[in-house]
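*Asks:* Below you will find the structure I want to go over with you.
Rule-based calculations on the coordinates, nothing more; no lab input. Treat the numbers as computed from the prediction; the structure is a model and nothing was measured. Positions of Cβ are backbone-derived with ideal geometry, glycine not excepted, and every protein chain shown enters the neighbour counts.
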Amino acid sequence: MAMISTEQINEIRKNVDIVDIISSYLPLTPKGKNFFGVCPFHDDTNPSMSVSKDKQIYTCFSCGATGNVFRFVMDYENISFPEAVKLVAEKAGLNVQIDVHTKQKHTAHLEPLYEMYELSEKLYQNNIHTARGVEAKKYLSQRDINDDIIREFGIGLALQQRDVLTKLFLSKNYRYEEMLRSGLVIKNDYGYLDIYCDRIMFPLWDITGKIVGYSGRIYKGDGNFKYINTKETEIFKKGEMLYNYHRAKDEARRLNTILIMEGFMDVIRAYSVGIKNAVATMGTAVTKEHIVLLKRMAKNIVLVFDGDAAGAKATYACANELLAVGITPKIVRLEENLDPDEYIKKYGKEKFLRKVDHPMNVMDFKISYLKEHRDLTSNEDLSLYIHDVINELAPMNDEVLKEITIQKISKESGLDEEFLKKQVEEKSLKNRGQASTSLKKEKQEVKRSHMSKYTLAEQNLIYYMLKSPEVIKIYDKKMTYMPTEVYRFLARNISYYYKTYHEINEADFISFLGDNQVLLDALSHILMLPLKETYHLEEIEDYVRVIREYNVTYEQQRLKRQMETVTDPLEKAQIAQKIIELKVKGE
């Protein structure tokens, strides 16, 4: 890979504006000197990420995420540092020659697993295009899956023989231990065998587009298990992946809309007719990791689950998960209990898109869902229904939607609007009271984790080292040892950076730290400290004095422990003299 110097990296950073780059990923609103947006790195409900045009760094005041333009792109796109540098340069129209190979961030011991999945895909794809794949291709054709879709989605075939893949791995010198870890091979009384046998293979990808698992489907007759999914492994975590994310993300960002479906066949069908902004949850509940990924793609989230009762239940559960983190989804319900795959095949792309373009609001869906199997002419059922709707409205932040819903419920039930509003408000107050109690407990926990004055002094000194060469020079002259290891290394790196480049800049220093996550996390915490930008020399001297006081105290304690183990009177006297000297020094 062509190496790029620190000076070149800094030059690229200086030629781009972090506000412009981050704005291309998510909306930013100016507020004072900075810009604010919803943080994509945690379940943010309010805009808590600040982007500084002056400093060219971003900071989330909720989760602590901090960095420069490269760090943002690196974490948002889930790519390496060199890839982020190249991508930022391209966005800025800068011609920079950096040869990078797209790789997921993982450790060396996982490399064989990714390689085995690459090999398996080649084998399965080759199988389906041979004479032994004729029947499988006929089955796919009957489901309107043609050769173009087979190629695009890497659909393959596992043969009847239970050792084909295992033998291939052995020929490539993979160890049995690695095969078992991959989830593609099992061991039983007959030895080591392939997991998948006589099934059509649908690859599953992680968010970077690497194959990490499969869903294998039977295609001959009926069986108890139509689909068998790869078990969770070191590289395959269902709760962390969205099917088709790597293909859908760019189109979703362009349209600012993402469609969430239940199954991969629904996504494949949508993609085959040109609807390329769809992902699937693969039957799992929406997780925090899913939500972070979704928020990176688009503001508008539309749930297009199966049209049957199970799909309605899944839609209700998913909508609640999204609402809990401040996302208000829209809902599409399909008639005749059809799933998206079936609906598109029966009614076509245009009719499906008309439903997507005119979705239900979430409360209309919930009202419809809560009415099911209830007789509203019965006072008991009506009461339960009204209470359920009030519970749904109480935590809602959208006042307009809340008002519209109350009007609808009033007309439907005959209850007075003001009465319903009062019930909703009382429920809201009760919820807020419970939240307030929880917050008080959290504050008490913070008080318990009281930070020592020595740690505060270290943090404050480093904060001002990042602001001023003068403070760095004081550190170099007067500091010999930082008590906390991570701050010790961070301070040394700041000092080294200044000596090498004869300047200090927070945004460039972040690039200098590269992939050292421990130091980056410590730096993020320090940059968020509620300290003023300017300082007095007396403050800096105080920080130095407190840290040196710690060093003296620590050394005195060490010498006292040493003296307890010494028996020679002369040696005891020498240690005692050192303790006295340290005490005088400390005073």
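*Asks:* Could you give the nm distance between label points at Asp222 and Asp398, where each point is 7 Å from its Cα heading toward the beta carbon?
*Replies:* Reported label-point gap for Asp222 and Asp398 is 4.2 nm.
*Asks:* Run the numbers on the chain and let me know its relative contact order in percent, using alpha-carbon pairs under 8 Å that are six or more apart. The partial results should precede the final answer.
*Replies:* Values: 760 pairs, mean separation 56.4, N = 587.
Computed value for the chain: 10 percent relative contact order.
*Asks:* Students often get this wrong, so check it: of Lys53/Lys473; Lys91/Lys238; Lys355/Lys427, which have C-alpha atoms separated by over 30 Å?
*Replies:* From the list (Lys53/Lys473; Lys91/Lys238; Lys355/Lys427), the Cα-Cα distance tops 30 Å for Lys91/Lys238; Lys355/Lys427.
*Asks:* What list do you get for Met465, Met116 if you sort them by fewest beta carbons within 10 Å?
*Replies:* Met116, Met465
*Asks:* Could I ask something else about it? Taking the Cα centre of region 46-99 as origin, sum charge times position over the Cβ atoms of Lys and Arg (+1) and Asp and Glu (-1), and report the length of that vector in debye to the nearest 20. Before the final figure, lay out the partial values.
*Replies:* Working: 5 positive and 6 negative charges, 44 e Å.
My answer is approximately 220 debye.
*Asks:* Trypsin sites (Lys or Arg not before Pro) within region 184-234: which are DSSP loop residues with at most 15 other Cβ atoms inside 10 Å? Present the calculation step by step, with values, prior to reporting the outcome.
*Replies:* Details: sites: Lys187, Arg199, Lys210, Arg217, Lys220, Lys226, Lys231; in loops: Lys210, Lys220, Lys226, Lys231.
Hits after loop and neighbour filter: Lys220, Lys226, Lys231.
*Asks:* Calculate I(q)/I(0) for region 108-236 by the Debye formula, one identical point scatterer on each C-alpha and no solvent, and give its log10 at q = 0.15 Å⁻¹ to two decimals.
*Replies:* -0.68
*Asks:* Report the gain in length on full extension from Asp364 to Asn188: 0.36 nm times residue separation, minus Cα-Cα distance, nm rounded to one decimal. Intermediate results must be reported in sequence, preceding the final value.
*Replies:* Working: separation 176, 0.36 × 176 = 63.36 nm, distance 5.29 nm.
Length gained between Asp364 and Asn188: 58.1 nm.
*Asks:* Starting from the Cα gyration tensor of the chain, multiply each eigenvalue by 5, take the square root, and state the resulting semi-axes largest first in whole Å.
*Replies:* Those come to 52, 36, 25 Å.
*Asks:* If you don't mind, there's one more thing I want to ask. Using only the Cα atoms, what convex hull volume per residue in Å³ does region 33-146 have? Write out the running numbers ahead of the final one.
*Replies:* Values: hull volume 24.3 nm³, N = 114.
Value for region 33-146: 213 Å³ per residue.
*Asks:* Assuming a viscosity of 1.002 mPa s and a temperature of 20 °C, what translational diffusion coefficient in µm² per second does Stokes-Einstein assign to region 240-361, Rh being the Kirkwood radius over Cα pairs?
*Replies:* Details: Rh = 14.0 Å.
Translational diffusion coefficient: 154 µm²/s.
*Asks:* Hey, another quick one. If r is the Cβ-Cβ distance from Tyr496 to Lys453 and R0 is 22 Å, what FRET efficiency results, to the nearest 0.05?
*Replies:* Values: r = 27 Å, r/R0 = 1.23.
Efficiency, rounded to the nearest 0.05: 0.20.
*Asks:* Within region 519-550, report the trypsin sites (Lys or Arg not before Pro) that DSSP leaves as loop and that have at most 11 other Cβ atoms within 10 Å. Mind dumping the intermediate values first?
*Replies:* Details: sites: Lys532, Arg545, Arg548; in loops: Lys532.
Those that pass, being in a loop and sparsely packed, are Lys532.
*Asks:* Given a Förster distance of 45 Å, report the FRET efficiency between Tyr176 and Glu77 from their Cβ-Cβ distance, rounded to the nearest 0.05. All intermediate terms of the calculation are to be shown ahead of the outcome.
*Replies:* Numbers: r = 36 Å, r/R0 = 0.80.
That pair, Tyr176 with Glu77, gives E of 0.80.
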